[in-house]
Each structure stands twice: as structure tokens, then as C-alpha cells.
1. Might you let me know whether the stretch 166-174 holds any residue that is surrounded by 13 or more Cβ atoms within 10 Å (Cβ to Cβ), free of Cβ contacts under 8 Å to residues at least 60 places away in the same chain and not in a loop (DSSP other than H, G, I, E, B)?
2. Sort out which residues of the stretch 271-308 are under 24 Å from Asp243 (Cα atoms), of a type in the set (Ser, Thr, Tyr) and either open to solvent by less than 10 Å² (accessible area, probe 1.4 Å) or out of contact with any Ser or Thr (no Cβ under 8 Å at 6 or more places or on another chain) (or both), and write them in order of number.
3. Is there any pair linking a residue in the stretch 189-211 that is at positive phi to one that is surrounded by fewer than 17 Cβ atoms within 10 Å (Cβ to Cβ) and among the small types (Gly, Ala, Ser), with Cβ under 8 Å and at least six apart or on different chains, and which?
4. Restricting attention to the stretch 115-134, which residues are touching a strand residue (DSSP E or B) at 6+ places or on another chain (Cβ under 9 Å) and open to solvent by less than 30 Å² (accessible area, probe 1.4 Å)?
5. Go through the stretch 152-161 residue by residue and tally those that are buried (at least 19 other Cβ atoms within 10 Å of the Cβ) and either over 29 Å from Val310 (Cβ atoms) or under 18 Å from the mean Cα position of the chain (by Cα) (or both).
6. Checking Gly146 against (1) farther than 26 Å from Ala344 by Cα; (2) in contact (Cβ under 8 Å) with a residue 12 or more places away in the chain; (3) surrounded by fewer than 16 Cβ atoms within 10 Å (Cβ to Cβ): exactly one of these is not met. Which one?
7. If a residue has to be outside any loop (DSSP other than H, G, I, E, B) and farther than 28 Å from Ile211 by Cβ to count, how many in the stretch 106-144 make the cut?
8. Considering (1) at pLDDT below 95; (2) open to solvent by less than 40 Å² (accessible area, probe 1.4 Å); (3) over 30 Å from Lys111 (Cα atoms), say which one Gly381 fails and leave the rest.
Amino acid sequence: MGRLFGTDGVRGIAGKDITCELAMAIGRAAAVVLAYGRRRRPLVVLGKDTRISSDMLGAALAAGLCSVGADVIDLGVVPTPAVAYLVGRYKADAGVMISASHNPYEFNGIKIFNGEGFKLPDDLEEQIERLIAADEFTYAQNEQLGQITHCTTAGRDYINHLKTSIPYSLEGLRIAVDCANGSASATAKTLFEELGAEAIILNDKPDGVNINEGCGSTHMEQLQAYVCANNLDAGVAFDGDADRCLFVDDKGRVVDGDFIMAVCGLDMQQRGKLRRSTIVGTVLTNLGFVQFCEKNGMKFAATKVGDRYVLEEMELEGYTLGGEQSGHVIFREFATTGDGQLTAIQLLCLMKRTGKPLSELTQVMQRLPQVMVNVKVSAEGKLEFYNNDVIKKAIQDKKELLGDTGRVLVRVSGTEPLIRVMVEGESLERIQPIAEELADLVRKELA
């Protein structure tokens, strides 16, 4: 068995890579690992997004949990960060989210949180994988079998939590909110209306197969046009499970996670809320953000790609803000994972408090040109990448060519069958052909 867990849980095509049998096995193994040493029977909260396979996989995973004596609280359709929060609120031993985040509907995934609402570290994921491979579970019988209860207040409890994170209403702000036909469809309308914003809710009619389809944080064009056509203050876009968020400013320009962290980080620094004057990002964070930190007397700490690695660094050093360019932003005072709706209301509250438009606030940082090319490869190609000397030499040659004026990063995606080629530098005209040349080479060698 190859490694199941990527950078954000288990992910693949539902019914092919992620089957009911695998979901059951993951449920059994997770219950054993996460409830080890506890005297009472395990309790697990289970949430899901809106894709057609989520009911099937959720039912299978719940069955697996119950089969080894764990009780399950079914939260229904909720955002991933709601699961992370409700684990603690409902005093559960673990939380599971059925979602493939920003991927198309045919994909699905399983994300697991521990009893404190944190994504699992690598060693616990490896323990789960070993148990699945061994397939030697002790099954519950009679009154020891687990039971499933259905929670009707999960969305309400999560919304109430979000509302306590900002001191001002959002009254007077006119925004558009793109729910990606995903989990935010269950909570966003209530959240923004109760906070007083004039919010036009888009793409909140999920049908099982339209999640992320031409909408949400991976397809910003519709939202950009809508904000401009209706003269709105901003647009907010979530991904399928609402753990990430991107903005459109009042001029129709996309505001990514780096800009969000720059605006919020500088404000937190000025208010004495940025612990140790440090913001945590990843190796994909734009060099312009690094320069922004230096200019404003802040430090930047880089981790591997994945918001759980960002969080691990934050927890290790006690930092309060971190995130990814993709829109996973962690406000540690309020959350243990990236939270799109939390991020949205934090930035909107900042706009309301300062009275400044988003287009002005984002001027604190200048983005360096960055080219990203995704190359689709087979599962075998992803593995072969690490041993391909031709690609290794080409990458090194390009790094030497750019020197101190830019950087090259070629990596395997942890969530999709892709090799990601990123080149950054002072001139788009210079880095574009470098990125395309490397992508062509990867395609030739591995596709």
C-alpha cells in the first residue's frame, strides 16, 4: 500500500481511489489511534461538503467508526474549520471532514482532526496507515457497538463562534460572496447578514456535481466581473470546504493569501497583536511578501506547503498569524486551522474600522512576478520525479541562471496528480519561458 495521506488528508477520485471499503478502514484505524489510552468510548464528530459522494463516504466512515465502538455525531454539511472548532465544543476525541476542498466534484477526501482540533501530524497518519495495512481490528459487539446521532445546531454554533471574533458589525459594506456551491452555502448567508453586511450570495445552490465548477476561489473571473459591474466594496470567494478565502478588491483585482496576510499582519503589528513580530508562510509565499516584512520590521518564517505545517510552526514558536498564498490563513487566536469565513470577516472588519478601501490597504505590499505551471502526471510519474536526474539538473541550471534575482521551485502536489512548477523573479518576460521550459521537460519525462 502506498502512502494514503498527502499534505491535506487522503484524497482521490471517489469510488476509484477512495472507496467505501477504504473509508470504513480509515474510520476504524482513526478511532483506534486517536482514542488510545482513553477510558471512555471514543466520540467523533463528522462533517462533509456538498459533493455527490460525500454522503456515501461519510456513511461508510461512520460505519467503520461504529464497528470498533466509537460514537459519531453527524454534523451534516459544514465547513472544514467548523469541524475543527466543534471537536472541542462537543468534547469529542476526534473530528473527520469528508471533502476534497478545491478539487472537482469527482474527487473526494478525508481530513482528520485530533481532540484539540489540530490536523494530524505525520507520525499519527503513519500509524493509521499501518493499522489499515495490517487489517487486524477488534470489532465491537452488542452494547459496545457505536451509535450515530445527528446534530442540528452545528452550523449555528459555528456561526456564533465566528461572530465573537470581531468587535464591529459590517454594516455599510456592500460585498459579493461566492460560496463555490460548497460548504459555505450552509453558513455564509446567515453569517454575513447577521453581521450587518449587504451581502449578495453567489453559487450557493449545490447539486452534488457543481462544487467548484467555474466558481469559488479557483475561478475568480465571475466574481471580479460582478464586483465591478455592481460597484461593490469587495468580493469574497471560498473553496469547496470553505477553509480558504480569496478577495476581489473594489477595483476588481484578486487579493490572494499573501496580500491578506500582509494587510492583517501589519494591522496586528501596529496594535501589538502580532506575536514576536513574525508571520508564518510557506516556500511558495511571494518574495514580495518577504520584502514587505523586512520593510516593516517584521520577520517571516517559511515552512513546507500545507497549512498544517504552517500551524505546526506557529504552535512551536507561539506565533499568531500564518497562512498560504492559496488563501489558507490561520488566525491562531480564534482557530486551529485555515478558515475562509473567519479570514473574510477579519479583513472586512479591518476595512470597516479603518474606513479604507481594500485597493488602498493592499498597497502595503508589491508582488513580484510569479509563474505557476501545473503539469498533470500519473501516480508513477509523481514517484519517479524524485529520482529523475534530467529534471534535477535542469532545475539546478535555472536556479543558477536566476541567481539572487529570483527562484525556482518544482514540487509534487500533495492533493492532486500534478507536478507544480513555480518560477519567480523581477521580470515576467524573463521567468515565463523558464517556467514553460521546465514544465515541458517534466511533461516529456513523466507524463
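The values are calculated or read from the model by the stated rules, or taken from the named source; none is laboratory data. Given the structure is predicted, the values throughout are model-derived calculations rather than measurements. We place every Cβ from the backbone using ideal geometry, glycine too, and count neighbours over all the protein chains shown. Surface areas here come from the heavy atoms of the whole protein model, side chains and all, with no ligands, DNA or RNA. Shrake-Rupley method; radii C 1.70, N 1.55, O 1.52, S 1.80 Å.
1. Yes: one or more hits.
2. Of everything in the stretch 271-308, those that are under 24 Å from Asp243 (Cα atoms), of a type in the set (Ser, Thr, Tyr) and either open to solvent by less than 10 Å² (accessible area, probe 1.4 Å) or out of contact with any Ser or Thr (no Cβ under 8 Å at 6 or more places or on another chain) (or both) turn out to be Thr278, Thr282, Thr285.
3. Here the result reads Gly196/Ser169; Gly196/Gly172, each pair linking the stretch 189-211 to a residue that is surrounded by fewer than 17 Cβ atoms within 10 Å (Cβ to Cβ) and among the small types (Gly, Ala, Ser).
4. Passing the criteria: Gly115, Gly117, Lys119, Leu120, Glu125, Ile128, Glu129.
5. Of the residues in the stretch 152-161, 1 are buried (at least 19 other Cβ atoms within 10 Å of the Cβ) and either over 29 Å from Val310 (Cβ atoms) or under 18 Å from the mean Cα position of the chain (by Cα) (or both).
6. Checking Gly146 against (1) farther than 26 Å from Ala344 by Cα; (2) in contact (Cβ under 8 Å) with a residue 12 or more places away in the chain; (3) surrounded by fewer than 16 Cβ atoms within 10 Å (Cβ to Cβ), the one that fails is (3).
7. Of all residues in the stretch 106-144, those outside any loop (DSSP other than H, G, I, E, B) come to 107-114, 119, 122-134, 142-144.
Within this subset, residues satisfying the condition of being farther than 28 Å from Ile211 by Cβ are 122-124, 126-127, 130-131, 133-134, 142-144.
So the answer is 12.
8. (3)
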